[in-house]
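Engineer: Encoded as structure tokens, here's the structure I'll be asking about.
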Amino acid sequence: MRTPPNRPRLHWSVPDPVRTGAEEAFEDAFAQISDRVERLAPALHPEGTP
């Protein structure tokens with residue numbers, strides 16, 4: 001994965017849901033990642049930029 005120029009690499013510590021195998025763990029991991037992407041995407045491409 002290439003890091004965009006002038007941007008630091010990101011690492012999100014989200015527990016691996018496979019370790020527990022519980023459906024709730026998968027839902028929680030998805031919710032955490034989804035929330036972070038929703039906040040990150042606008043910062044990478046502010047409105048009006050390609």
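The values are calculated or read from the model by the stated rules, or taken from the named source; none is laboratory data. No experiment lies behind these values; they were computed from the predicted model shown. When we count neighbours, we look across all protein chains shown, and the Cβ atoms used for this are built from the backbone with ideal geometry, even at glycine. Accessible surface is based on the protein model in full, side chains and every heavy atom, while ligands, DNA and RNA are left aside. Shrake-Rupley method; radii C 1.70, N 1.55, O 1.52, S 1.80 Å.
Engineer: For Phe30, work out the one condition from (1) modelled with pLDDT of 95 or more; (2) more than 17 Å from the chain's Cα centre (by Cα) it doesn't fulfil.
Structural biologist: Result: Phe30 fails condition (2) only.
Engineer: Now for a different question. What pairs come out if I take residues in segment 1-22 that are in a loop (DSSP other than H, G, I, E, B) and pair them with residues that are modelled with pLDDT under 80 and open to solvent by less than 100 Å² (accessible area, probe 1.4 Å) whose C-beta lies under 8 Å away, six or more apart or interchain?
Structural biologist: Going by the 8 Å Cβ cut-off, the qualifying pairs are Pro4/Leu44; Arg7/Leu44; Arg9/Thr3.
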